[in-house]
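One structure below.
The values are calculated or read from the model by the stated rules, or taken from the named source; none is laboratory data. Since we're looking at a predicted model, the values are computed, not measured. Note that we place each Cβ from the backbone using ideal geometry, even for glycine, and neighbour counts take in every protein chain shown.
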Amino acid sequence: MSKFVVIGERIHVIAQEIKDAIAERNPEAIIRRAKEQLDAGADYIDVNIGPAEKEGAEIMPWAVKAIQDALDNPPLVLDTANAHAIRAGLEVYNAAKGRAIVNSADAGDRLSNLDLAAEYGAICIGLLMKKGVPRDNDERNEYLQTILEHAMEAGLDPSEDVWFDPLTLVIKGMQEKQEEFLEFLRILKEMGLKSTCGLSNASNGMPAHVRPIVDRTLCAMSIESGLTSAIMNPLDKELLDTVKTSEVILNRVLYADSYLDI
């Protein structure tokens, strides 16, 4: 069983200092946030530049090179809806420490991002959606089949090269949908497929003191259900401790009294 992959979520254009860093082409805040997350235990860093419709093909390679040049080529997730920006980022990406991850393809207009990932030897996240969030697991399965078929046609190995995201839905307003999410993780596990999600999406809209509790609990339940990676906040030490403890309890990591320090 592979190690659970922690993808750091804190380089996101929604954060004002990241937005300013991009606008000013000053990478200081981006590099600092990347280093903080790596030091905390992140395996990958998500680089979310937003839609970036106008300058994405310039912004993404700039950000990729800034982080990798400063921090000895950490593995990155290239996160944008702009396929031209993803391509530009992949062209400068250094895979010495790990393959790039394309975030993301879906079963609709972004299906061709699977071809892009195959062309550059990258992993691709497959969102189980088309134009909106899936209504139920039947719809998730429909989208899964579409992505699986296209991935194989592109020459990708669905069990290794595509990480499927069943989509975490907001608990505050969609509480009844959470069991379906966990059930679909079990389906992916039974199929031998890797999975990921934006963990903190589920706690959106909750009070600040509640969100970490929800994220940690959902993380443990999701790992038990088969989740193999997540885009999450590695600076939440208790969240990282939850990941480590889940892996010990599931017998994926050999127990030692110092396991939390590893």
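I'd like the residue in segment 198-209 that is within 20 Å of residue 104 (Cα to Cα) and of a type in the set (A, V, I, L, M) and, out of all such residues, is surrounded by the most Cβ atoms within 10 Å (Cβ to Cβ).
Top of the filtered list is 202.
Hey, could you check segment 15-39 for residues that are out of contact with any strand residue (DSSP E or B) (no Cβ under 8 Å at 6 or more places or on another chain) and of a type in the set (A, V, I, L, M, F, W, C) and say which is farthest from residue 251 (Cα to Cα)?
Looking at residues that are out of contact with any strand residue (DSSP E or B) (no Cβ under 8 Å at 6 or more places or on another chain) and of a type in the set (A, V, I, L, M, F, W, C), I get 23.
It is to be established whether one or more residues within segment 86-97 are on the phi < 0 side of the Ramachandran plot, among the aromatic types (Phe, Trp, Tyr) and either surrounded by fewer than 20 Cβ atoms within 10 Å (Cβ to Cβ) or at pLDDT below 95 (or both).
Checking segment 86-97: not a single residue is on the phi < 0 side of the Ramachandran plot, among the aromatic types (Phe, Trp, Tyr) and either surrounded by fewer than 20 Cβ atoms within 10 Å (Cβ to Cβ) or at pLDDT below 95 (or both).
Could you please find all residues in segment 164-196 being of a type in the set (Val, Ile, Thr) and in contact with a strand residue (DSSP E or B) (Cβ under 9 Å, 6 or more places away or on another chain)?
Result: 168, 196.
Only one residue in 186, 135, 211, 140 is at pLDDT below 95 and among the charged types (D, E, K, R), so which one is that?
135
Select from segment 199-248 the residues that are part of a helix (DSSP H, G or I), of a type in the set (A, V, I, L, M) and in contact with a helix residue (DSSP H, G or I) (Cβ under 8 Å, 6 or more places away or on another chain) and list them in ascending order.
The answer is 199, 202, 214, 218, 220, 221, 223, 239, 240, 243, 248.
Mind checking whether some residue in segment 11-20 is crowded, with 22+ Cβ neighbours inside 10 Å and under 20 Å from the mean Cα position of the chain (by Cα)?
Yes, segment 11-20 has at least one match.
Scanning segment 210-238 for residues that are farther than 14 Å from residue 9 by Cα and within 16 Å of the chain's Cα centre (by Cα), which turns out surrounded by the most Cβ atoms within 10 Å (Cβ to Cβ)?
Going through the qualifying residues, I end up with 227.
Of the numbered conditions (1) at positive phi; (2) touching a helix residue (DSSP H, G or I) at 6+ places or on another chain (Cβ under 7 Å), residue 156 satisfies every one except a single condition; which is it?
The failed condition is (1).
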